[in-house]
Amino acid sequence: MHDTSDQAAVHHHAPPKGFLWTHVFSLDHKVIGKQYYFLSLAAVVIGMVLSWIMRFHLAWAAAAIPGLQHLSQVGAPGGIITPEYYLSLLTLHGTLMVFFVLTTAPQAGFGNYFLPIQIGAEDMAFPRLNMLSFWVTFVGFVTLVSTLFISDGPPISGWTAYAPLSALGNDAGPGLGRGQILWVISIGIFCIGSLLGALNFIATTLDLRCKGMTLARMPYTVWAWFITAVLGLLAFAVLLPACVLLVLDHVGGTSFFIPGGLVLSDKLQPHSGGSTLLWQHMFWFFGHPEVYIAIIPGIGITSHILASTARKPLLGGSRVLVGCMVAIAFLSFTVWGHHMFISGMNPFSSLLFSVPTLIITIPASIISLNWIATVFGARLRFHTPGLFAIGFISVFVTGGLSGFFLAQPSLDIYLHATYFVVGHFHMVMGVAAIFGMFAGTYFWFPKMFGRMMNETMGKIHFWVTFIGVYCIFMPMHYIGLAGNVRRYSAFVDDYLIPLIPVHKFITIAAFVTGAAQLLFLFNLFWSMYRGKKAEENPWDSTTLEWTIPSPPPFDNFGGRHPIVYHDPYELGVEGAKGDYVMQDSPEKLAQS
Amino acid sequence: MSESDITLKSGRADWLGGELPYAIPSKKLGMWLFIVSDSITFGAVLVCYAYLRLASPNWPTPFRLSSIVNGAIMTFVLLSSSVTMVAAVEAAKHGRIAASVRWLSATMLGGVVFDILHIREWLGLIHEGLRLYQNPWGSSLFGAAFFTLTGLHMTHVTVGVIYLGIVAIGFRRGKFTSDDVEISGLYWHFVDLVWMFVFPLVYLLSARMH
């Protein structure tokens, strides 16, 4: 016999009172979604400023950046950053962007806000856990950023924290003592927040769907968030113990990731017996699924918006898209070694990891071709979210194509430590995921804040960003092929000097593109207060979030229990009012 | 709206909302998902242990017969506590609250005895010179891997004892339902199951052979 008390998807909590409980420690998934979104916004602004500093230094290594000496007297004496400090900033840029932006905004931000609404629920399955995951993530963020303000700065070991550099402490370089420990604690905390969030997403999707919302009728976005949550639940569970072991190497005197006989700063290290490869295995077992944790929500958002833009569902409905996303998710756990082709693995292992890496391009290609085939011949509506969705396809395909090269060990050995890889992963993971976030922001802003974002500013933002990212990252592929190594703070070798003009071009492109992001920020906050009032359904879309007022009431559906009758994307339907049928409309469709 | 209005295009009414797939309430599903995630965490640490052991030429095998016997008693205690947990869930399902609380207390006692025996074992090894960073027998990684793995498990047992205590008190006061007892049982059985991997991999495979 089963207890039936908590079976119905009923309200878990009453509307809160007072500012603190409404906006800070809220249990409402919509507030928590916004909190995650603004946390990411803070992280992306810091990450972007760091990238400007690094890009400036790469192009004009001898020039001082006024004021930077105030951030770190040792790291940037007179405003000129040292090679070590360059690596510190690199670490912070990568960690902020990967964890607190790409992992946070598309999944925890938009997912929290729209997953319950899109399945017709009043909140997440575990609202208290939901609040806890946000605040845990927030503590992780503060811990990470605090490394900027300790004496020797953030660690120099990169966002991947490769051992033994990351495990040896201060002897190995600046920031590797306290900075590295703070980094590990921050990421460990982030893991806990992500695990709690993933658990909540899965339970919500399975249990809280409203009447008629079968799995097949879930919007693409819900599928994407669900699959991403499964990835998160499995992947972060490996990074968490890896972080614990790395902390033990620092504070417990263990040697999990440190081999014997290392001499650093003229001192023989007391460690022995550990394996540097073990860290890489544990890190990338998490790290590769992480790439898809960052991009699958973007794939979902793009598909969701593309259907509305093209006024038709994707070819093959959700079956093809979801099948491909599941295939990608499964394969993502079998390919982690392709990050380690030059790490000293057995070459036969490289072959073993290369094959599934090439196989994973098949579902990714099917999704891309499906999008292109959907757009083909459609009557597109070129509003800003639609432009960013189409832009997503472009950058996703461009960035993905260089992946074919890197998947082959023989080519990767040459390309791995060059800017080719920097261009590749920024394009496919960074820019594509960010385009997904922009598309989502422009598309859902009216629902979240009750006002429209400015279209003119939005279109300027899109075109400058779209052309800008190609100007930044395409030349990186070229200089990478020319042998330009990455992780260097300045290029002084003979063979690299002819490439400096390209670096200058990239830096200027980065500043122009960055200026467009300031326009986006202005548009975001200006529209929040001054934008045109939004209607319930400004984009003529069909899913449940567009059946409720903008912004939605506290319990989403105002006490109503929505009933779903239709597939999520009944767009371009002839004979319907408008050209679409809402998911919860009782209207009968003419049988085809 | 009557049920018949909810026919899909295909003519089936296959999701009525509010019902739960496989009749698993959200809380129980949450615990299952936690177990999935936590088993991956333990899996990672176990694989880590195996990796380091295979990569080390001088992996020590320090466990004397007394240690193995002690470990066997610990295993017996923990397995018995799983039996009492089953009895607690069974009693809870039939509404016998006092009996359920008694069985829960017995389960907690099993956990505490396990912890005491385990800590005694740790202290003995520490006395023989085993440290997180060194030991007199061979690879220094042995201590690191041993303490991390068994420590992680011991933490889970300790957290479990506290968790069961909270559930027992709440169940007696009527704040928790029999489902909550069952969910705490899932956690307890999972912690037992993990020990079934830790004991052979760490203790039996590192028994002193002469």
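Bear in mind these aren't lab numbers, they're just calculated from the coordinates by the rules spelled out. Note that this is a predicted model, so its numbers are computed, not measured. Every residue, glycine among them, receives a Cβ derived from its backbone with ideal geometry; neighbour counts consider all protein chains shown.
Remarks
- B:TRP59 long-range amide H proximity, modeled H, under 5 Å: B:SER139
- Annotation: amide H-H contacts under 5 Å for B:ARG208 (H modelled 1.01 Å from N, sequence separation of 5 or more, or interchain): B:PHE63, B:ARG64.
- Part-to-part distance (alpha-carbon centres) for segment A:104-135 and segment A:532-592, which is given in Å: 21 Å
- Summed side-chain charge close to A:GLN180 - residues other than A:GLN180 whose Cβ falls under 11 Å, Lys, Arg +1, Asp, Glu -1: -1
- When both bridge partners sit in the protein assembly as shown, DSSP labels roughly 75% of those beta bridges antiparallel.
- On Cα atoms only, tilt of A:127-146 relative to the major axis of chain A in degrees: 30 degrees
- Estimated from helices alone, the mean residue ellipticity of the protein assembly as shown at 222 nm is -20500 deg cm²/dmol (sum of -39500 (n - 2.57) over DSSP H runs with n ≥ 4, per residue).
- Loop-located trypsin sites (Lys or Arg not before Pro) in segment A:420-492, at most 14 other Cβ atoms within 10 Å (DSSP): A:ARG487
- Here segment B:26-206 is treated as a sphere whose radius is the Kirkwood value from Cα pairs; by Stokes-Einstein at 10 °C and 1.306 mPa s it diffuses with a coefficient of 92 µm²/s.
- Mean Cβ neighbour count within 10 Å, used as a protection proxy, ranking A:227-234, A:489-496 highest first: A:227-234, A:489-496
- Global geometry of segment A:177-273, whether rounded, prolate or oblate, following the gyration tensor of its Cα atoms and the 1.5 cut on a/c: prolate
- Kirkwood Rh, angstrom, the protein assembly as shown [1 / mean 1/r, Cα pairs]: 28.3 Å
- Per DSSP, loop GluC sites (Glu not before Pro) in segment A:492-577 with at most 13 further Cβ within 10 Å: A:GLU535, A:GLU536, A:GLU574
- With a 10 Å cut-off around each Cβ of A:269-280, the average count of Cβ atoms from other chains is 4.
- Neighbour-count order for A:CYS471, B:CYS48, A:CYS324, fewest beta carbons within 10 angstrom listed first: A:CYS471, A:CYS324, B:CYS48
- Taking amide hydrogens as placed 1.01 Å from N in the peptide plane, the amide H of A:LEU264 sits under 5 Å from those of A:GLN269, each at least 5 positions away in sequence or on another chain.
- DSSP-assigned coil residues among chymotrypsin sites (Phe, Trp or Tyr not before Pro) in segment A:283-321, each with at most 10 further Cβ atoms within 10 Å: none
- Mean separation of Cα contacts under 8 Å, 6 or more apart, over the residue count of chain A: relative contact order %: 15 percent
- Taking θ as phi - 60° and the Karplus parameters 6.51, -1.76 and 1.60, the scalar couplings of segment A:164-180 work out to x, 3, 7, 9, 9, x, 4, 4, 7, x, x, x, 8, x, 4, x, 5 Hz in sequence order, x denoting glycine and proline.
- All-pairs alpha carbon distance profile, segment B:92-164, 5 Å steps from 0, percent: 4, 15, 18, 17, 13, 10, 8, 5, 4, 3, 2, 0
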